[in-house]
Amino acid sequence: MTKWPGRLEIIDFENKKILVDSAHNSSAAKVLSLERENWPNEEKGVYWIIGVQKQKNIILIIRNLIKSIDKVLLVPVPNQESWSLSDISKISDRKLDNFIEFTNFKEAFYYLKKLEEWPRCIPVLTGSIFLVSEFIKFSKTNQ
């Protein structure tokens, strides 16, 4: 079986597990949403660290991935023009109460670490191949 780094890959970083998946377009997001149905505790909500390049259709990605019980930790894609919460709010009719914006993925990860307990459903980092690649690199050099 072929294994692709950054495709449904579980990374153990600072003794916490995080799923990384480079669902960078709406069809990849749809596939990831179907995979979600197999995750333990997903019905309690998923924390998504998500960063999407500006030229991608973030509305379809959100529609395919995010349920109302989920929390979205929005981050910019490193060195890429990315969607911000302000940009999304201008084009979305969806309530964004469950979205929190961070200046980078490290801040979002440390936000999760400060929760009373690590989320029961493994958090997911997704939205861009560049974001996933940078997180994998960061996790390997900071162990």
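The values are calculated or read from the model by the stated rules, or taken from the named source; none is laboratory data. What you are looking at is a predicted structure, and each value in this text was computed from that prediction instead of being measured. Positions of Cβ are backbone-derived with ideal geometry, glycine not excepted, and every protein chain shown enters the neighbour counts.
Of the set (1) at pLDDT below 95; (2) out of contact with any Asp or Glu (no Cβ under 6 Å at 6 or more places or on another chain); (3) closer than 20 Å to F105 by Cβ; (4) of a type in the set (A, V, I, L, M, F, W, C), all apply to L73 but (1).
Quick grid of which residues meet (1) surrounded by fewer than 20 Cβ atoms within 10 Å (Cβ to Cβ); (2) among the small types (G, A, S); (3) in a helix (DSSP H, G or I); (4) touching a His at 6+ places or on another chain (Cβ under 9 Å):
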position	(1), (2), (3), (4)
I100	yes, no, no, no
L112	yes, no, yes, no
L131	no, no, yes, yes
F138	yes, no, yes, no
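Any idea which of I18, I49, I61 is over 17 Å from R120 (Cα atoms), of a type in the set (V, I, T) and surrounded by 21 or more Cβ atoms within 10 Å (Cβ to Cβ)?
On the way: I18 fails: over 17 Å from R120 (Cα atoms); I49 fails: over 17 Å from R120 (Cα atoms).
Matching residue, one of I18, I49, I61: I61.
When E35 is tested against (1) assigned to a strand (DSSP E or B); (2) without any contact (Cβ under 8 Å) to a residue 40 or more places away in the chain, exactly one condition is not met: (1). I want to confirm something. Restricting to the range 38-67 and keeping residues that are closer than 16 Å to L96 by Cα and assigned to a strand (DSSP E or B), which single residue is farthest from the chain's Cα centre (by Cα)? It comes out as Y47.
Cβ separations smaller than 9 Å between residues 6+ apart or across chains give the following pairs from the range 93-120 residues that are under 13 Å from W48 (Cα atoms) to residues that are in a loop (DSSP other than H, G, I, E, B) and hydroxyl-bearing (S, T, Y): N98/S68; E101/S84.
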